[in-house]
Every structure is written in C-alpha cells, then in structure tokens.
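J.: Would you mind keeping the following structure in view while I ask a few things?
Values in this text are rule-based calculations from the coordinates and carry no lab data. Because the structure is predicted, anything quoted here is derived from the model rather than measured. Reconstructed Cβ throughout: ideal geometry from the backbone, glycine too, with neighbour counts over all protein chains shown.
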Amino acid sequence: MNPQKGRNESEISETLMSGLDFLAKALMWLGLLASVVSLGFLIFYVFFFANAAPTQNLDQIKTLVELFRKVLTFGLLAAFIGSAFLFWGEGWLEIVQLVISLFCYFAPALASLFIGNISGVSAFALSGLQRAGMGAGIVAVGVLVIDSFIKVQARLKQGTKADQLKYGKGIKEETDRKNVFLGKCWQLPYCRKFVRERCPIYHAKRTCWRERVGCMCEEEVIKGAMENRAIPKDMVAAARYIPQNNKITLGQKMERCRQCVIYNEHQKHKYRAALPAVIVVLGGVLAFSWTALMGRMHILVHLVQSMINKATIGNAPVFEVPDAFQMVMVGCFALIVFAYSLKLLEFLIFKLKV
C-alpha cells in the first residue's frame, strides 16, 4: 500500500469527522437556543392569556404562536440530532431526550394544575407544545432503539470489551477448532491445542467454568501442559487430575472466569441464544396484549384527567387525546420497553456474567 495514499485517506477522514463534529455542535447549540427562546414565548402566552382572551389581534397572536411552535419543533429536532452525534453511546442521552419530550407532550396536563380553566390562546400554545413534544419524542425513541441495536451487533461480534479481559487478552483463535455453538470450553476457538491435549478438563469432557479452573488462569493446568504430563483418556480417571485450588476463594475463582477470553466467548453464545428468545417473547406479548394496552391507555388518560380535575377543584378543561396519538404512545412505550430489555439482557450476560 502506498504510504502517501494512506496518509491522504487519513487526512480526508479526519477532515470529514471534524466537519461533522462542527455541524453537530452547531445543530445542538442553535437547536437549544431556538428551543429555549420559543419555549419561553409559548409559556408566556400560556400564562399571560390564561384568564383573559385578547379582544383584538387574535389572528396575529395565533400566527406568532404557530411560528414559535414550529421553531420549538425544529429546535428540539436539531438539538436531539446534534447531541446524539456528539454523545452517542452515553447512557444518559436517551433518558434526557425522553424526559424533555414527555415534559412538552404533557404540558397541557401540567399547566392545568397551576392555571385551572385553559382556553383560547393558552390552549393553542399548549397544543403547540404538545405537538413539538410528540415529534421530539419520536426522535428520542428512535435514538434509543438505534443505539440498542448497534450495541447488540457489537456484543454479538465482540462480547465483553477487550480492556475488561485479563486472561487470554489478545490471544489468536485456533484454526483447528470449530466454534461450536454453546459448546464446552474445549470446543471454542480460544482453546489452545498444545494445552488441550494435556488438559484433564478436556479428557473428562467437562468445562473450565464449572470446575472454576482453566488453561488461561490456573497455574497447575498450564504447568501440566508445559511438562507434558500424561492424562488418562478415560473420563472418570481424567476427572481426578483436575486441580483443586484451595488458595483462593470461590468468589475469586468466579472473578477469574468473568475476565477470561474463553468464558467471554461462551457468554457471546448465550447472548446469541437469548436474544431471539427475548425478541419473540416481547413481540408476542405486544401482539396478544395490544388491545388490552390500548384499553389501559384510555383508562390512564381518563385517570390523569380525573386527578387534574380534583387538584383544580373541577376547573381544569378536558383535553381529548386522539386515538392515533394514543396508539403512537403505546408503540413508543413498547419500543422503550424493548430497548431497555436488550440493555438488561446485556447487563446480565456481560456485566453480571450470569
């Protein structure tokens, strides 16, 4: 490869990334500025016209409200997209975006707690906040789902991050072994041939993570392979040669497994097996309970309205939530549950190493 060509490609890549980084920062800060300004004006209209309707210039005021609604919508979208590029992979990003979206969407309900009867320009401004929150919420849910799927792909290929491994880090895969799905330790590609042929666990047809000793962590196994110790081929006889390390606790042995490249390969297999099951189960639950979920959403909307009426002594207006919006809300809720279920699966298998 031409070194000059490689340097040119690297420079082009760095220039492109710098340009995208600058664009993302501009989108985020301009979006935040537009969102704060437009949100401030919309809140001003909500409270200023809460108890009095303008007798003149009503059309002009509504035009301004619609303008600020559009500015808020595009401002939130720009801020969300820019921040997603800059802070991709940060655990707090999706939560902050969802909280902001929910605040805007439920602004009518929140405002009624403080104002009471809302009508005219105030109601129109609150409707604008709600519509902006709906658009921003779709982007926030999209960021959450895409981030979850990218992490799923990375986990399927890499498993635990390399910097979290201590035993066998950087070791090459063996070419003489097939990667048997959900196989034993000696059926996985990181089991070294020269150790395997002299390994009591291999001849006993057991697994190192069950015995808590292995060729990556246990000195006696490695020493036996280096000294070319003969191990009986019989499974029962070979099991007697499995070393029993009493110098460390069971917790320390389990920690060795968690930091082993072979055990991590085993965890990758468990993840691949559990992932389709989680998707099928959640999809089935959603399909069979869709009607029930929509019914619960109707009940929730009426319950919230009832609580607001009680808090405002019956002065709060009735905010009708269209069925289409309720369907979108149920769908977004299902996507959020799905995304965080994948995060939980990842946490259990690659953090807790269950």
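J.: Can you bin the range 226-291 into rounded, prolate or oblate? Criterion: square roots of the alpha carbon gyration tensor eigenvalues sorted a ≥ b ≥ c, rounded for a/c under 1.5, prolate for a/b above b/c, oblate for the rest.
T.: Prolate shape, in that a/c is at least 1.5 and a/b is the bigger ratio.
J.: Using alpha carbons only, how many angstrom separate the centre of the range 146-171 from the centre of the range 227-251?
T.: If you average the Cα positions of each part, the centres end up 31 Å apart.
J.: Here is a further query. If R0 is 30 Å, what FRET efficiency do you get for Trp290 and Leu348 from their C-beta distance, rounded to 0.05?
T.: 0.65
J.: Could I ask something else about it? Classify the range 140-246 from the C-alpha gyration tensor, please: rounded if a/c falls under 1.5, else prolate or oblate depending on whether a/b exceeds b/c.
T.: Prolate, because a/c is 1.5 or more and a/b exceeds b/c.
J.: Let me ask you something else. At q = 0.09, 0.11, 0.13 Å⁻¹, what log₁₀ I(q)/I(0) does a Debye calculation on the Cα points of the chain give, no solvent, two decimals?
T.: So the normalised log intensities are -0.73, -0.90, -1.05.
J.: Considering only the other residues whose Cβ falls under 14 Å of the Cβ of Gly135, what net charge follows from Lys and Arg at +1 and Asp and Glu at -1?
T.: With Lys, Arg at +1 and Asp, Glu at -1, the neighbours total +3.
J.: Counting other Cβ atoms within 10 Å, keep those with at most 16, restrict to DSSP loop, and tell me which trypsin sites (Lys or Arg not before Pro) in the range 138-235 are left.
T.: Of the trypsin sites (Lys or Arg not before Pro), the ones in loops of the range 138-235 whose Cβ has at most 16 other Cβ atoms within 10 Å are Lys161, Lys166, Lys169, Lys172, Lys178, Lys205, Arg229, Lys233.
J.: Another question, if that's okay. With r as the distance between the Cβ atoms of Phe22 and Thr63 and R0 = 35 Å, compute the FRET efficiency 1/(1 + (r/R0)^6) and round to 0.05.
T.: So the FRET efficiency works out to roughly 0.55.
J.: Once you have all Cα-Cα distances for the range 58-132, histogram them in 5 Å bins from zero and send the whole-percent values.
T.: So the P(r) values, bin by bin, are 3, 15, 21, 20, 16, 12, 7, 4, 2, 0.
J.: Calculated from DSSP H runs of 4 or more alone, at -39500 (n - 2.57) each and per residue, what is the 222 nm mean residue ellipticity of the chain, nearest 500?
T.: -24000 deg cm²/dmol
J.: Assign unit charges at the C-beta atoms only (+1 for Lys and Arg, -1 for Asp and Glu), then state the dipole size of the chain relative to its Cα centre in Debye, rounded to the nearest 20.
T.: The calculated dipole for the chain is roughly 1960 debye.
J.: Related question: So what's the angle, to the nearest 10 degrees on a 0 to 90 scale, between helix 91-105 and the longest Cα principal axis of the chain?
T.: Helix 91-105 and the main axis of the chain meet at about 20 degrees.
J.: Among the GluC sites (Glu not before Pro) within the range 202-302, which fall in a DSSP loop and have no more than 12 other Cβ atoms within 10 Å of their own Cβ?
T.: Here the sparse-neighbourhood loop sites are Glu227.
J.: Please identify, among Ala107, Ala324, Ala204, the residue showing maximal mean-square fluctuation in a Gaussian network model of the chain using a 10 angstrom Cα cutoff.
T.: Ala324
J.: Any chance you could give the angle, 0 to 90 degrees and rounded to 10, that helix 3-48 forms with the longest Cα principal axis of the chain?
T.: Approximately 40 degrees, to the nearest ten.
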